[in-house]
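The block underneath contains the structure these notes are about, expressed in structure tokens.
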Amino acid sequence: MNDVNSTDGVDGVLDEDRAAAALTALGVRSGDVLLVHASLRSVGPVAGGARGVLGALRRAAGPEGTVVVPAFTTENSDTSPHYRARVRGLDAGAVDAVRAAMEPYDPAVTPAPSMGALAETVRTAAGAGRSAHPQTSFAALGPGAGRLLAGHRADCHLGEHSPLARLYEADARILLLGTGYATCTAFHLGEYRMDRPPRRSYRCVVAARGVRQWWEYEDVALDDGDFATLGAAFEESAADGDVRIGRVGAAACRLVRLRPAVDFATDWLTEHRAATVR
């Protein structure tokens with residue numbers, strides 16, 4: 001693990017130049033593939049807002065670098081925590097109205113409001129791509145986008161047939177920009193790599209040949225409730241260079257190698273979740 005110092009923009013608004021310099025000081029290199037989780041509120045004011053942050057990321061990663069973000073859509077599912085919170089306390093008629101109003105997933109236009117401003121900025125940027133999964137899509141911008149996003153099977157949220165596995169193959173790095181390990185989506189790939197992980201049913205609205213319909217499928221039961229603890233354990237044992245810590249603006253940030261993080265997660269989840277079941 002490496003601690004680095006970076007420009008913090010204490011004089012007020014962080015501009016794109018200083019944000020890019022801070023990312024470079026953190027360890028972002030030209031040509032990097034970055035899976036980014038960001039809390040812009042933690043970073044503080046940046047000139048241009050989310051667009052300024054994306055500009056800084058692309059400058060730090062260079063023309064050969066690729067920026068990837070989760071573009072998840074829980075709003076079109078009736079098996080998601082978002083849906084349960086939305087219909088809590090409603091009568092049957094109101095619940096039916098909510099379900100009837102749910103729009104099917106369209107990778108070209110469906111927003112991902114719960115993923116934050118940076119994710120939406122990447123998703124809507126000129127030249128960006130998005131994977132096909134109706135619940136856990138990823139958006140990406142850069143020369144590696146097409147390869148990383150291709151083949152995201154609709155019955156595989158975050159496993160071997162998802163962009164997470166392609167990011168693993170690409171030796172990507174995870175940028176936690178003002179967020180913690182609780183938001184580290186890559187750990188979910190470790191869930192799939194456990195021996196016989198638990199599975200559950202999911203349901204969402206899709207458009208099949210232009211016809212709106214509900215689709216139910218089975219996949220690994222995703223659970224991020226222990227990811228903060230998992231991340232702390234990984235960081236404590238991480239090899240030199242696997243985790244770099246610094247600041248961008250007002251935010252504490254981490255730059256993490258995805259491969260060792262997923263490998264550690266697979267072993268840690270196997271041990272700790274099995275112990276919980278016993």
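Can you pull the accessible area of Ser80 for me, 1.4 Å probe, Å² to the nearest 10?
10
Just reorder Ile245, Ile174 by solvent-accessible area, largest first, 1.4 Å probe, all chains present.
Of Ile245, Ile174, the descending order of accessible area is Ile245, Ile174.
Using protein chains only and a probe of 1.4 angstrom, how many square angstrom of Tyr192 are accessible, to the nearest 10?
In the full protein context, Tyr192 sits at about 40 Å².
Taking a probe of 1.4 angstrom, what is the accessible area of Thr74 in Å², to the nearest 10?
So the heavy atoms of Thr74 present about 40 Å² to solvent.
Using a simple spin-label model with points 7 Å from Cα along the Cα→Cβ vector, what separation in nm is obtained for Val95 and Glu271?
4.3
Sorted by mean Cβ packing within 10 Å, highest first, what order do the peptides 90-102, 21-33 take?
21-33, 90-102
Let's test the formula: R0 of 35 Å, r as the Cβ-Cβ distance of Arg86 and Ser42. What FRET efficiency results, to the nearest 0.05?
0.85
Sort Glu120, Glu216, Glu103 from largest to smallest accessible area, using a 1.4 Å probe on the heavy atoms of the protein chains.
Listed by decreasing accessible area, they come as Glu103, Glu216, Glu120.
Rank these by accessible area, largest first, 1.4 Å probe: Met115, Met194.
Solvent-accessible surface, decreasing: Met115, Met194.
Within the accessible area of the chain, what % is carbon and sulfur when the probe is 1.4 Å and the other protein chains stay in place?
The C+S portion of the solvent-accessible surface of the chain is 52 percent.
Explain nothing, just the number: relative contact order of the chain, from Cα pairs under 8 Å at least 6 residues apart, as a whole percent.
Taking the mean separation of contacting Cα pairs over the length of the chain, I get 25 percent.
P(r) tail for the chain, what percent of Cα pairs lie past 26 Å?
I get 44 percent for the Cα pairs in the chain exceeding 26 Å.
What is the distance in Å between the Cα centres of segment 118-187 and segment 49-108?
If we compute the Cα centre of each part, the gap is 13 Å.
In square angstrom, what is the accessible area per residue of segment 110-260 with a 1.4 angstrom probe?
Result: 40 Å² of accessible area for each residue.
The values are calculated or read from the model by the stated rules, or taken from the named source; none is laboratory data. This structure is a prediction, so every number in the text was calculated from the model and none was measured. Methodologically, a virtual Cβ is constructed for each residue, glycine included, from the backbone with ideal geometry; neighbour enumeration extends over all protein chains shown. The area values use the complete protein model at the heavy-atom level, side chains included, leaving out ligands, DNA and RNA. Shrake-Rupley method; radii C 1.70, N 1.55, O 1.52, S 1.80 Å.
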